[in-house]
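Input: a single structure, listed below in structure tokens.
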Amino acid sequence: MKSFLIIGMGSFGTHLCREFSSMKCELMIVDKDADTLEAMLPKVVSARVGDCTKENVLESFDVPSFDACFVCIGSDFESSLQITSLLKELGAKRVFSKADGDIQEKFLLHNGADFVIYPEKNTAHNIALQEISDSIFDALTLTEDYMICEILPRADWIGKTVVDINMRRKYRLSLLAVKRGSDVIPMPGLDYKFRDNEHVIVLGHIEDIREYAL
């Protein structure tokens, strides 16, 4: 079972806590305000009230023992930078830090963040991509350049196999699964034939997905 440290229980930190809890992960949550922790107590192993900009507070959490640490502070960017840097100095395996703008993203990466979470930017991009094409039904941004999308297969794919389509060579997309209603077929074999009324889930560069969809 994986364990995670979540610092900052605002809107994003709370949603992240709920998601990890639903996946049976072990969680420690931290915030300066005790009231923000109360609703999450049934979902976590430990909840602490503390100022994580203080090194001695972070040291008491045994930072290296967590699989990843999440800095979810949105209102005080200076504190977010400081906590991100301290976590890396204390031996954090991976640090995810929340950003609210491009400049913040750059500073967080410079201060030791392994990954920067940019919820508003990613959500806006995914919505825009879905709305400009009737072929895209869902999207998940992985990095600045790559994403996973649920797309409609081309009409000329129907009745052809994965080998016939050769998606990676022709479209530079990797086939991850086929979705038919609520059923999902992960990693379909090379002899799988595409059918009507199904979607395909692919991984690819954003520009290649955009080119395919438009």
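The values are calculated or read from the model by the stated rules, or taken from the named source; none is laboratory data. Owing to the predicted nature of the structure, the values given are computational and were not obtained by experimental measurement. A quick note on method: Cβ atoms are made from the backbone with ideal geometry, for glycine too, and the neighbour counts reach across all protein chains shown.
General remarks:
- Any chance PHE70 is in a strand (DSSP E or B) and aromatic (Phe, Trp, Tyr): yes
- One residue stands out in the stretch 92-122 among those that are surrounded by fewer than 19 Cβ atoms within 10 Å (Cβ to Cβ) and of a type in the set (A, V, I, L, M): the one that is modelled with the highest pLDDT, namely LEU109.
- Residue count for the stretch 17-37, restricted to those that are crowded, with 19+ Cβ neighbours inside 10 Å and of a type in the set (Val, Ile, Thr): 2
- Condition check for VAL45: assigned by TED's automatic domain parsing to the domain that holds GLY112 and touching a Phe, Trp or Tyr at 6+ places or on another chain (Cβ under 9 Å): no
- Members of the stretch 1-46 that are part of a loop (DSSP other than H, G, I, E, B) and of a type outside the set (D, E, K, R): MET1, GLY8, MET9, GLY10, MET23, CYS25, ALA39, MET40, VAL44, VAL45
- Filtering the stretch 58-91 to residues that are surrounded by fewer than 21 Cβ atoms within 10 Å (Cβ to Cβ), over 14 Å from GLY8 (Cβ atoms) and touching a residue at least 60 places away in the same chain (Cβ under 8 Å) leaves SER65, ASP67, ALA68.
- Qualifying residue in the stretch 147-162 (condition: outside the structural domain of GLY74 (by TED's automatic domain parsing), at pLDDT 85 or above, assigned to a strand (DSSP E or B) and within 23 Å of LYS98 (Cβ to Cβ)): yes
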